[in-house]
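See below for the structure under consideration.
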Amino acid sequence: MTEMTAAVTAARPPSDINKRSLPGSIVVHALLIGASLLMLYPLLWMLSASVRPENEIFSSTSIIPSSIDFASYVRGWTGLDISFGRFFWNSLVISLLTVTGNVIACSLTAFAFARLRFAGRNFWFAIMLGTLMIPYHVTLIPQYVLFLNLGWVNTILPLVVPKFLASDAFFIFLMVQFFRGIPRELDEAAMMDGCSAWRIYWKIMLPLSLPVLATAAIFSFIWTWDDFFGPLIYLNDMNTYTIQLGLRTFVDSTSASDWGGLFAMSTLTLVPVFFFFLFFQRLLIEGIATTGMKR
C-alpha cells in the first residue's frame, strides 16, 4: 500500500502538487509577515517618534507621522553639555578594543585547549566552563575593589583590559568546538615541515576559523555597544560616558525629559550595530551553523 501511494505521488504532475500546497504556503507566509510586522512595530514607532514634533510623540500609536520635523536630531546631538558625538566615540573605542581583545585572547586560549597538550588541560577547561555559571554580579564587588586600588575607576580600562585576558569563557568554548572540527592532520603536516605552535595558530588555524572569529566579533561588538551596567559602575565623568549613559541623560525624573531627543539618538545608535551585523552576516551564520561539526 505504501509503495502504491508513493508511485501515485511520483506520477502526479508537479503543477498539481504545487496547486495543492499553494493555499498552505500563502497562510504560512501571511503569518510570518504578520509576526515580523508585530516585532518591527516598536522600532518603526521609535523611528516615527524621532521625526515628530515634541507635542505629538505620545498622542498617537500610528507609525506614520502627521508631519516630519528633524529638530529632535539637532537638539539631541547638540542639546547636552557635551556633544552626543563624544558618547559615540567613547562607545566606538570601547567596542572596537573589546572586539580586538576577545578575538585575540579567546582564540589563543581556545587554540591551547583544543590543540596543545599540557598538564591539567581538562581540569582547567572544566574550571573555565564553570565560570559560565557564575553571575556577573557575584564578581562585581571584588572586581570594583581591585580596579579602584589600581586607580582605573573612571577610565575605560576596567571595561577593556579584562577582554585581553580571555575573560569571556563563552567565546573560548565556542572557538574550542570549532577548532576541534579542523583536521589534526594539518597540524601534523605543518610540524613535519618545521612549524612551531605559534605558526600553526597564525598560518593555519586563524585563516580556517574566520566564521567563528566573525561570530565572536559580532556578539562582542553588540554586547559592548548595548552595555549599560558596566559603564554605569566604572564611568563617572560625563566626558567618558558611552552612548547608553548618554541616552539616560535625556530622561530626568525631577525635571522635564527630552523624549524627542531620546528617540532620535536611540535611532542613531542602532545604525552602527545594523551595519556591523550586515557586513558580517554571512560569516556569522556560517560560524554558528558549523561550530562543533566534524569536517
Per DSSP H run of at least 4 residues, take -39500 (n - 2.57); add these up for the chain, divide by its residues and hand me the 222 nm value, nearest 500 deg cm²/dmol. -21500 deg cm²/dmol
Would you mind pulling out the separation of the Cα centroids of the range 141-198 and the range 99-137, in Å? 7
Extended-chain gain in nm, criterion 0.36 nm per residue less alpha-carbon gap, LEU270 and THR155: 38.9 nm
If R0 = 30 Å, then ILE104 and LEU132, at their Cβ-Cβ distance, give a FRET efficiency to the nearest 0.05 of 0.90
Answer label, with mean projected area of the Cα convex hull in nm² calculated from the coordinates and candidates [x] 25.9; [y] 15.2; [z] 14.2: [x]
Run the paramagnetic zone check for ASP237: 7 angstrom along Cα to Cβ, then residues of the range 152-170 with backbone nitrogen under 13 Å. 152-157
Apply the Karplus parameterisation 6.51 cos²θ - 1.76 cosθ + 1.60, with θ equal to phi minus 60°, to every residue of the range 47-62 and state each ³J(HN,Hα) to the nearest whole Hz, in sequence, with x for glycine and proline. 4, 5, 5, 6, 10, 8, x, 4, 7, 10, 4, 9, 8, 8, 9, 6
Taking the Cα centre of the range 81-290 as origin, work out the dipole magnitude from +1 charges on Lys and Arg Cβ and -1 charges on Asp and Glu Cβ, in debye rounded to 20. 600
Which whole-Hz couplings ³J(HN,Hα) result when phi for each residue of the range 127-136 is put into the Karplus expression 6.51 cos²θ - 1.76 cosθ + 1.60, θ = phi - 60°, listed in order with x for Gly and Pro? 4, 4, 5, x, 5, 5, 8, 8, x, 4
Given R₀ = 25 Å, FRET efficiency for ALA35-THR61 by Cβ-Cβ distance, to 0.05? 0.85
Show me the three semi-axes of the equivalent ellipsoid for the range 126-262, from the C-alpha gyration tensor (sqrt of 5 times each eigenvalue), largest first, rounded to whole Å. 40, 18, 14
Projecting each Cα onto the charge dipole of the chain (Lys/Arg +1, Asp/Glu -1 at the beta carbon, about the Cα centre), which of THR242, ILE68, VAL93 comes out farthest on the positive side? VAL93
Ranked on Cβ counts within 10 Å of their own Cβ, fewest leading, ARG248, ARG52 go ARG248, ARG52
Sequence gap at least 6, Cα distance under 8 Å: using those rules, report the relative contact order of the chain to the nearest whole percent. 29
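Each value in this text was obtained by applying a stated rule to the coordinates, not by laboratory testing. Everything numeric here is computed off the predicted structure, so don't read it as measured data. All Cβ positions, glycine included, derive from the backbone under ideal geometry; neighbour counts span all protein chains shown.
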